[in-house]
Amino acid sequence: MLEPLVPYAAGKSLEALAEELGGIDLVRLSANENPLGPSPRVVEAVRREAARVHLYPDGGATALREALAQRLGVDAGQVVVGNGADELIGLVALAAFEPGDEVLVPHPSFEPYTTGVALAGATAVPSPLAGYETDLDDMRRRLTPRTKAVILCSPHNPAATIVRRGPLGAFLAALGADPPLVILDEAYADFCDDPEYPDGVALLRRHPRLVVLRTFSKIAGLAGLRVGYAVASAETIDRLNRVRAPYNVNRLAQVAARAALEDTEHWERTRKLVIEERAWLSAELTRRGFAHPPSQANFVLVRVPDAEAARDRLFRAGILVRDGAGVGFPGHLRISVGLRETNERLLALL
Ligand SMILES: Cc1ncc(COP(=O)(O)O)c(C=O)c1O
């Protein structure tokens, strides 16, 4: 079962790469991180909690789940917290998929989906994107009695496009009375400003087979601490808890996530910065003749003439971007939205 799998290519650490370049300041625009860093209130909360790291964390992440539930308007029993959304993708697979099951996955898309499916012994059925868009009609055609789940990623990584409210509603309604699980990965939800972007959590009331995934890595800048969460029916959450390790989310991560939720100002500042800089960067790329789908995420997927050479040129100048070839889009770069000064440097180098 492990033979077709390859270890996730996270690449060298930021520190190792900076050293390779002779210790220069390296800006990473390849991992869709938060250009502002974490909230100062998060840093303070982590500092305070540091003296208590000899104590196991709350295995149920109770306070964090309650804060999330209140924010989202659901019961705390409808939330499970994970060591990043990454862990939750694996837990869903472990809890729900069996050999013989088929799982529809947009192709290309975030790689851990197919790894999770494969590890559970199930079969990933790729549904090709239509250009840069998730093709729900194609997905519908691929549904069979063996389809255990459908995975949707909106905004999509790496295409940065969304699944709109109308088509999503129609897709969910067409799944019928005994639908498969629908895993809706909303890791980048907070960066959307398209009024047609649906709120996955609100859809849960009518579609109890939905599992919505979100993360503190992007909007809250906690990627290094690893906190994500799933919102679903209490039944689904109960099943995820059965396969979850007892202390999967550490003490520092739990207090940091709570502090991040409380600092709505930092949350909003990040959202505003990304939306404004995304619009600016997108317009400047277009003006220079670089085509790209309209982004609703904190990154842009840009078509460039020689992506590998462009990536290398940027790297030598201290800016790391993702070569599209590694994420299913050869001839493209996936570029995270940075601070204005970084974005300007990037454009000059391109
Ligand atoms: C679409 C998507 N889902 C999930 C994740 C994982 O998020 P986390 O850092 O919470 O594991 C990412 C991270 O880049 C992502 O792009």
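The one condition from (1) open to solvent by 40 Å² or more (accessible area, probe 1.4 Å); (2) outside any helix (DSSP H, G or I); (3) within 14 Å of the ligand (Cβ to nearest atom) that Leu36 does not meet is (3). Looking across the range 276-301, the residues that are open to solvent by less than 30 Å² (accessible area, probe 1.4 Å) and under 19 Å from the mean Cα position of the chain (by Cα) come down to Arg278, Pro293, Ser295, Gln296, Ala297, Asn298, Phe299, Val300, Leu301. Before we move on, is Ala259 more than 30 Å from Tyr56 (Cα to Cα) and of a type in the set (Gly, Ala, Ser)? So Ala259 fails the test.
Scan the range 117-146 residue by residue and report those that are among the small types (Gly, Ala, Ser) and open to solvent by 50 Å² or more (accessible area, probe 1.4 Å). Ala130, Gly131, listed by residue number.
Of the candidates Leu5, Leu21, the single residue that is in the same structural domain as Ala317 (by TED's automatic domain parsing) and farther than 26 Å from Ala160 by Cβ is Leu21. Would you call Thr114 modelled with pLDDT of 95 or more, within 22 Å of Gly328 (Cβ to Cβ), more than 16 Å from the ligand (Cβ to nearest atom) and open to solvent by 40 Å² or more (accessible area, probe 1.4 Å)? Judged against the criteria, Thr114 is not a match. The number of residues in the range 82-100 that are more than 10 Å from the ligand (Cβ to nearest atom), open to solvent by 20 Å² or more (accessible area, probe 1.4 Å) and either not in a helix (DSSP H, G or I) or not assigned by TED's automatic domain parsing to the domain that holds Leu240 (or both) comes to 3.
Out of curiosity, is Glu262 open to solvent by less than 30 Å² (accessible area, probe 1.4 Å), touching a Lys or Arg at 6+ places or on another chain (Cβ under 9 Å) and charged (D, E, K, R)? Judged against the criteria, Glu262 is not a match.
Among the residues of this structure, Leu104 does not count as one that is within 14 Å of the ligand (Cβ to nearest atom) and open to solvent by less than 20 Å² (accessible area, probe 1.4 Å). Residues in the range 39-81 that are assigned to a helix (DSSP H, G or I), within 20 Å of the chain's Cα centre (by Cα), within 18 Å of Tyr247 (Cα to Cα) and among the aliphatic types (A, V, I, L, M): Leu64 only.
Look at the range 11-33: where a residue is at pLDDT below 90 and a partner is part of a helix (DSSP H, G or I), sitting 6+ places away or on another chain with Cβ atoms under 7 Å, you get Ile24/Ala18. In the range 299-322, is there at least one residue being small (Gly, Ala, Ser), under 19 Å from Ser217 (Cβ atoms) and out of contact with any Cys (no Cβ under 6 Å at 6 or more places or on another chain)? No, the conditions are met nowhere in the range 299-322. When you go through (1) open to solvent by less than 30 Å² (accessible area, probe 1.4 Å); (2) at pLDDT 95 or above one by one for Gly77, which number turns out not to apply? Only one criterion in (1) open to solvent by less than 30 Å² (accessible area, probe 1.4 Å); (2) at pLDDT 95 or above is unmet by Gly77, namely (1). From the list Ala149, Ala174, the one residue that fits, being farther than 20 Å from Phe299 by Cα and surrounded by fewer than 21 Cβ atoms within 10 Å (Cβ to Cβ), is Ala174.
If you go through the range 205-217 and keep only what is more than 18 Å from Thr270 (Cβ to Cβ) and under 19 Å from the mean Cα position of the chain (by Cα), you end up with Leu210, Val211, Val212, Leu213.
When restricted to residues that are in a loop (DSSP other than H, G, I, E, B) and not hydroxyl-bearing (Ser, Thr, Tyr), the range 11-33 contains 11. If you go through the range 127-139 and pick out every residue that is assigned to a helix (DSSP H, G or I) and free of Cβ contacts under 8 Å to residues at least 12 places away in the same chain, you end up with 2.
Looking across the range 205-214, the residues that are in contact with a strand residue (DSSP E or B) (Cβ under 9 Å, 6 or more places away or on another chain) and open to solvent by 10 Å² or more (accessible area, probe 1.4 Å) come down to His207, Arg209, Arg214.
Scanning the range 262-298 for residues that are among the small types (Gly, Ala, Ser) and more than 16 Å from Ala220 (Cβ to Cβ) turns up Ala279, Ser282, Ala283, Gly289, Ala291, Ser295. Looking across the range 218-241, just one residue is small (Gly, Ala, Ser), under 11 Å from the mean Cα position of the chain (by Cα) and open to solvent by 10 Å² or more (accessible area, probe 1.4 Å), and that is Ala223.
The values are calculated or read from the model by the stated rules, or taken from the named source; none is laboratory data. The shown structure was predicted, so the numbers you read here are calculated from the model rather than taken from an experiment. In this analysis, Cβ positions are derived from the backbone assuming ideal geometry, glycine residues included, and neighbour counts consider all displayed protein chains. Just the protein is used for accessible areas: all its heavy atoms, side chains included, with ligands, DNA and RNA removed. Shrake-Rupley method; radii C 1.70, N 1.55, O 1.52, S 1.80 Å.
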